[in-house]
Amino acid sequence: GAGRSVFALSLSTAIGRHTATLEPGSLLPSLRVCQALPPPIATTGALNVGDPDRRIFAGGWHDPERANLVRFRWAEKVSTMLLPIDTPGSARIVLSVSPAAGVTRVDASMNGVATGSCALTARWNDCRFDIPAGAMATGVNCFTLNADRAAPNSSRDRRELAVAVQSVLIRIGR
């Protein structure tokens, strides 16, 4: 019969099929892996970085956080957003980011096509990435951030942290 969700698995790509192997003697006799695609994004608008749904903020993203009135999400050295696009075209993505200690640059790519680099200072930075029309496709697109480094783990926080992202604005068809 139908079961209940036991856990969620976030991947950095939008591939169609996944398999899971259970070890002999596992508590579960079987496991079904279901793809949960994110809803199509608007051609102009903002992504909610505070939304706990991990279908858009996929591999390399930590859960949303809040410091005072600021909502943000930490990204690891390499992090991917899955962006479902109904009508592809040239686009602009603007992120408000703050670097972890020692991080000075973040590069971006869309579906493997380099889309720019952003130099980071010690405070919040608006990083603008212009996406060529040929880099986007109908369906799920992978927008990947790659920081020049990640902050070393500390005894208080064992996570890999590169940049905190406060907002993501998207405009398709500039």
Among the listed residues 171, 123, 128, 158, identify the single one that is among the basic types (Lys, Arg), touching a strand residue (DSSP E or B) at 6+ places or on another chain (Cβ under 8 Å) and exposed (fewer than 12 other Cβ atoms within 10 Å of the Cβ). 123
Looking at the structure I just gave you, is residue 99 modelled with pLDDT of 75 or more, open to solvent by less than 70 Å² (accessible area, probe 1.4 Å) and within 19 Å of residue 148 (Cα to Cα)? yes
Evaluate the following for residue 57: is it among the aromatic types (Phe, Trp, Tyr) and either more than 12 Å from residue 143 (Cα to Cα) or out of contact with any Lys or Arg (no Cβ under 7 Å at 6 or more places or on another chain) (or both)? no
Sole miss for residue 59 among (1) without any contact (Cβ under 8 Å) to a residue 60 or more places away in the chain; (2) open to solvent by 40 Å² or more (accessible area, probe 1.4 Å) is condition (2)
Of the residues that sit in the range 66-96 and are in contact (Cβ under 8 Å) with a residue 40 or more places away in the chain, under 25 Å from residue 154 (Cβ atoms) and of a type in the set (D, E, K, R), which one is least open to solvent (accessible area, probe 1.4 Å)? 73
So residue 139 clears everything in (1) open to solvent by 40 Å² or more (accessible area, probe 1.4 Å); (2) at positive phi; (3) in contact (Cβ under 8 Å) with a residue 40 or more places away in the chain except one condition, right? Which one? (1)
Can you tell me which residue in the range 56-82 is farthest from the chain's Cα centre (by Cα), limited to those that are within 19 Å of residue 146 (Cα to Cα) and in a loop (DSSP other than H, G, I, E, B)? 77
Filter the range 142-155 for residues that are small (Gly, Ala, Ser) and exposed (fewer than 13 other Cβ atoms within 10 Å of the Cβ); the one that is farthest from residue 42 (Cα to Cα) is 155
Mind checking which pairs have a first residue in the range 148-174 that is at pLDDT below 90 and in a loop (DSSP other than H, G, I, E, B) and a second that is basic (Lys, Arg) and surrounded by 13 or more Cβ atoms within 10 Å (Cβ to Cβ), Cβ under 6 Å, 6 or more apart or different chains? 174/92
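The values are calculated or read from the model by the stated rules, or taken from the named source; none is laboratory data. The model shown is predicted, which means the values in this text are computed figures rather than measured ones. Ideal geometry is used to build each Cβ from the backbone, glycine not excepted, and the neighbour counts take in all protein chains shown. These accessible areas exclude ligands, DNA and RNA; they are computed on the full protein's heavy atoms, side chains included. Shrake-Rupley method; radii C 1.70, N 1.55, O 1.52, S 1.80 Å.
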